[in-house]
Amino acid sequence: MNQRMKGNLLLFLTAFIWGCAFVAQRTGMEYIGPLTFNGIRSIVGGVTLLIYLFVRTRLQKKTESNVKDESLPQPPSKKFTFLCGLVCGICLFAGTTLQQMGMVYTTAGKAGFITALYIILVPLVGILLGKKIRLVVWGGVILALMGLYLLCVGEDFTVNKGDMLILLCSFAFTIHITFVDKVSQRIDGVVISCIQLFVCGVISIPGMILLEEIDWNLILQCMIPILYAGVLSCGVAYTLQIVAQKYTEPTVASMIMSLESVFALLSGMIILKETIKPMEILGCVIMFVAIILAQLPERKTKSVE
């Protein structure tokens, strides 16, 4: 398996975990506020990765040689690593909090569609940064947007407070994806993910205390959604995203991760017994076609001698 395929499969798994997390988010909102939910799940995810890093470090100390190999790439400085984690954490806090708050005022379908607008925002930001986007990828982006529209939006699409919050959330995730692409080759994905989760959790605490009522009985009642969103959605999926983006171009990565909308719909059908319309099925099919299209290699023109 080549590195590109490995990265794409990891991003596919990431989208699956995030899609199922929509069910956990909707369930959690029945008990606690958005800042409380995001703050606790981020800290839970951070602790999960901290445990993993502790075990990994102990195992490395047992196997590594005392002689340093100067030919090996040197790890980034602690200051650089912390700054990367801080930037990612701020973007993550903005994205997840705006998304959670927006879902109070809008439907999950609209939230899924508007959040996934990062699939068009990422290549646009890439153009501003001087990157050339392959034509086949642009075709995939257009198809993906069509599929997402059919999947998530009904005939009465309107813009309300919740829609605007989700739109801002999409911009935050766009910055997150673009930044991770810039630094992914120089960082330890697990370490950065751990830092960003703790940053996100710590930033949430003042809002939890000032704006929401913290009821530990209600928190305990929704512990299963919190644990899923914390351990899997935050701890595992965000780490997979950072690791996988080392092997995949950011536009394709954003398209694969946008499949979370498809998995959100399917998990809602299975877990919450929601029904699916023919138009939504068509949207799923178009989404998968878009992802396959984006993976096609660029056809090279033959030189005429």
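The values are calculated or read from the model by the stated rules, or taken from the named source; none is laboratory data. These figures come from a predicted structure and were not determined experimentally. Cβ: placed from backbone, ideal geometry, glycine included. Neighbour counts: every protein chain shown.
Residues in region 170-204 that are over 22 Å from Tyr247 (Cα atoms) and out of contact with any Gly (no Cβ under 6 Å at 6 or more places or on another chain): Ser170, Phe171, Val202, Ile203.
For first residues located in region 115-135 and without any contact (Cβ under 8 Å) to a residue 24 or more places away in the chain, partners that are surrounded by 11 or more Cβ atoms within 10 Å (Cβ to Cβ) and lie 6+ apart or on another chain with Cβ distances below 7 Å form the pairs Ile127/Ile133. Exactly one residue out of Val136, Val122, Val180, Val153 is under 14 Å from Pro250 (Cβ atoms), modelled with pLDDT under 85 and among the β-branched types (Val, Ile, Thr): that is Val122.
Yes/no per residue for (1) touching a Pro at 6+ places or on another chain (Cβ under 7 Å); (2) modelled with pLDDT of 80 or more; (3) on the phi < 0 side of the Ramachandran plot; (4) aliphatic (A, V, I, L, M):
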| residue | (1), (2), (3), (4) |
| --- | --- |
| Val243 | no, yes, yes, yes |
| Tyr247 | no, yes, yes, no |
| Ala253 | no, yes, yes, yes |
| Ile271 | no, yes, yes, yes |
| Ile291 | no, no, yes, yes |
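Number of residues in region 235-279 that are of a type in the set (Asp, Glu) and surrounded by fewer than 19 Cβ atoms within 10 Å (Cβ to Cβ) equals 1.
Would you mind stating whether Met208 is under 30 Å from Phe54 (Cα atoms), over 19 Å from the mean Cα position of the chain (by Cα) and of a type outside the set (Val, Ile, Thr)? Yes; evaluated as a whole, the condition is true for this residue. Taken as a whole, the condition of being of a type in the set (Ser, Thr, Tyr), modelled with pLDDT of 80 or more and in contact with a Cys (Cβ under 9 Å, 6 or more places away or on another chain) applies to Ser267. Among residues of region 1-60 being touching a residue at least 40 places away in the same chain (Cβ under 8 Å) and outside any helix (DSSP H, G or I), the one that is surrounded by the most Cβ atoms within 10 Å (Cβ to Cβ) is Ile32. Among the residues making up region 136-148, those that are more than 12 Å from Val289 (Cβ to Cβ) and touching a residue at least 40 places away in the same chain (Cβ under 8 Å) are Val136, Val137, Val141, Leu148. Scanning region 1-50 for residues that are of a type in the set (S, T, N, Q) and at pLDDT below 90 yields Asn2, Gln3, Asn8, Gln25, Thr27.
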